[in-house]
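Below is one structure, written out as structure tokens; comments come after it.
The values are calculated or read from the model by the stated rules, or taken from the named source; none is laboratory data. Only a predicted model underlies this, so the values are computations on that prediction, with no experimental measurement involved. Backbone-built Cβ (ideal geometry, glycine too); neighbour counts: all protein chains shown. Just so you know, the surface numbers come from the protein's heavy atoms only, side chains and all, with ligands and any DNA or RNA stripped out. Shrake-Rupley method; radii C 1.70, N 1.55, O 1.52, S 1.80 Å.
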Amino acid sequence: CGFLTEIYLPNIVDFNVSCFKDCASLRFVYLGEKLDNFSAKSIEGCERTVRFDISTECEKYAAVNGTVLSKSRDKLYFLDFADKLSAYLAELRVVASYAVSHNPAVISLPTTLETVESYAFNCNNVKSISVDSIDNIMPSAFYNCDVLEDIAITNSTVMGIFEFINSQPTINRISLSN
């Protein structure tokens, strides 16, 4: 799918396996109202910015500025590269697996979050992660963190620090406190 730039799937029900993996030219995906299962793993390895649009008639998911959220906006499924996440922080409770694959150098998660699922953040250029008061950070929630230098975790439940990292970074500081 090297030349595929746009995908329109108005009748799709499941968009949750690596069906468009490594489509380097993919820029836009439209999903219809029948969408019942979504995972950003479907576009894993796409090098360019992918923006989503989802029918407003879809009962489970919504697209806002290319970002995919649950209809209630409490779960993040895909963060658009250009989006800054801050617009959703007040309502966000869960970051789903494979939701964030294009990251800023620093990730600071809000205290409203309750769960960060496994493989939620592909941290290929993240240098610093700050987490405060998150009930569950699942194993390998932050992966491919090869340039990670600083981790600060406060009042959070982490399922094993080395699974949490799941890479070979040069970490200068790890701070864990309750």
Inset, instruction - Restrict the check to the stretch 154-162 and report whether at least one residue is buried (at least 22 other Cβ atoms within 10 Å of the Cβ), at pLDDT 75 or above and not in a loop (DSSP other than H, G, I, E, B). - result: no
Inset, instruction - Give the residue that is farthest from Ser118 (Cα to Cα), with candidates limited to residues of the stretch 1-54 that are open to solvent by 50 Å² or more (accessible area, probe 1.4 Å) and aliphatic (A, V, I, L, M). - result: Leu4
Inset, instruction - Being crowded, with 17+ Cβ neighbours inside 10 Å and part of a loop (DSSP other than H, G, I, E, B) is the filter here, so list the residues in the stretch 116-126 that pass it. - result: Glu117, Ser118, Tyr119, Ala120, Cys123, Val126
Legend entry - All positions within the stretch 24-40 that are out of contact with any Lys or Arg (no Cβ under 8 Å at 6 or more places or on another chain) and either of a type in the set (S, T, N, Q) or under 13 Å from Ser101 (Cβ atoms) (or both): Asn37, Ser39, Ala40
Legend entry - Selected residue (only one of Ser140, Ser108, Ser72 is modelled with pLDDT of 80 or more and open to solvent by 70 Å² or more (accessible area, probe 1.4 Å)): Ser72
Inset, instruction - State all residues of the stretch 24-76 that are hydroxyl-bearing (Ser, Thr, Tyr) and assigned to a loop (DSSP other than H, G, I, E, B); if no residue qualifies, say none. - result: Ser25, Ser39, Thr49, Ser55, Thr56, Ser72
Inset, instruction - Say whether the condition of being within 21 Å of Phe78 (Cα to Cα) and touching a His at 6+ places or on another chain (Cβ under 9 Å) is met by at least one residue in the stretch 133-152. - result: no
